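All of the numbers you see were taken from the coordinates with simple rules; none came from a lab. Since the model is a prediction, treat every value here as computed from it, not as a measurement. When we count neighbours, we look across all protein chains shown, and the Cβ atoms used for this are built from the backbone with ideal geometry, even at glycine.
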Amino acid sequence: YPMSAKVSICSLVTWTYLLLNNSFVQCEQPYIPTAPPIPVVPRSPKPNDKLHLVQVVWRHGDRAPTMTYPTDTHQEEAWPNGWGELTELGMRQQYALGNVLRSRYMGGANPFLNRRYNSKQVYIRSTDVNRTLISAYSNIAGMFAGGEPGKDFPNETDWPTGWTPVPVHTLPGNEDHAGNVFAPCPRAEQLDDELRNSKEYKQLAKDNEDFLEYLTKNTGMKVELPNIYLINDVHYIETIYNMSQPEWMTHDVSKRLRNLTSIVNEYTYGPMLRSLVDLMNQKKRCLDDSKQQNECKWIRPLKYYAYSAHDTTVAALLSTFGDEMEVIRGGLPKYTASVAVELWSLDGEGLAVRILFHGAFHHNYHVITHLTKGCPVDKEFCPLEVFEKRSRQFMPVDMKKECERRQRSNRTNQTWKAHQNKEHRINRKNIH
């Protein structure tokens with residue numbers, strides 16, 4: 001659900017839950033942060049430590065622009081599969097991420113997951129969008145590349161080499177509030193309207209009136225703050241592919257476009273955090289083998305649950321952790337950026353959560369648990385009880401009720417002012 005403002009939505013609404021590129025091509029592009037040095041105190045492993053569940057949320061791989069402006073010389077025919085579709089590069093990026101996950105959870109003498117696909121251990125979910133679905137299949141191909149012919153797939157010469165079919169589950173977009181942060185929600189739309197009509201937002205538009213008019217004149221479309229992200233998105237992706245840029249897109253224009261896009265922050269909502277916590281609690285209830293309730297038949301053997309989604313999904317999840325700026329450090333999560341949330345039993349300490357972040361397809365996962373607000377500031381693990389308690393304020397109880405329209409908020413302007421100096425990002429429907 002989009003929110004147009006340079007604000008922290010956590011302090012704006014009572015249902016404060018936020019669910020809110022890399023490439024192999026060498027070219028000039030916005031700064032891509034590498035994994036930062038993290039001052040976390042590693043916990044020494046103990047013999048009885050046990051990993052129970054891994055939940056991974058990733059952004060799709062490299063894609064074509066979702067649209068372009070009328071005067072652009074590179075229209076839809078420039079992209080083999082059309083607007084918004086995953087590219088061959090994006091498939092390779094996701095395959096590489098699958099390899100990273102395979103190495104992490106299937107490597108070593110005692111792997112967490114079976115090296116061959118096990119339907120009881122693994123569940124893959126995607127938003128109902130081509131690029132996320134194909135990303136999921138590409139990721140799985142890299143993760144389960146060690147299948148056995150004749151058992152995991154037909155032992156036939158015309159069968160794709162090493163390919164193990166794995167199902168990917170999805171929901172219609174208007175029902176998927178976890179993965180699709182733009183599923184219908186009237187309350188979010190109401191807040192969006194309020195913020196766009198605030199004095200500060202209007203002042204931002206006035207301050208950039210000449211620049212917006214310059215873009216309008218040269219792109220052949222009306223460019224305003226709410227849609228400026230489209231121009232930035234197209235420019236960024238075309239630059240990755242070394243496509244020619246118009247003369248009016250100078251270095252200074254490119255820089256200002258990128259910076260203004262980052263200022264026009266759009267936040268989105270959705271209960272991804274609740275989905276993660278609910279699954280961990282379900283797993284917790286079923287760790288006792290003596291329990292035979294129906295819910296345990298599925299969750300007890302489950303070890304790996306993955307969500308193939310969007311930059312908005314990943315960014316919003318990090319926002320609920322309160323560490324988006326430390327982890328992403330401006331801008332949007334890159335292609336294949338992902339968060340892994342692990343549930344452990346720690347010897348002598350009980351159940352605990354470890355959170356890891358993968359910044360881009362060529363990175364490894366690194367611990368970010370200690371950056372999560374409300375968790376121990378220097379520790380690798382966060383007690384499950386502590387993690388759940390700090391997360392409650394971000395988790396919706398009744399989605400239908402909390403999405404209902406309400407009386408106009410009188411806190412919009414105050415909230416904007418209180419957060420004017422905090423850097424955030426733009427999260428828009430068409431660029432995720």
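Residues Trp83, Trp344, arranged from fewest to most other Cβ atoms within 10 angstrom of their Cβ, appear as Trp83, Trp344.
Compare the Cα positions of Val353, Met280, Leu332 along the charge dipole of region 275-393 (+1 at Cβ of Lys, Arg; -1 at Cβ of Asp, Glu; about the Cα centre) and return the one farthest towards the positive end. Checking the options against the dipole of region 275-393, the answer is Met280. According to the Cα-based calculation, Rg over Rh for region 328-377 is 1.05, with Rh computed by the Kirkwood formula. Alpha-carbon geometry of region 78-132: the Rg and the Dmax are 14.8, 48 Å, given in that order.
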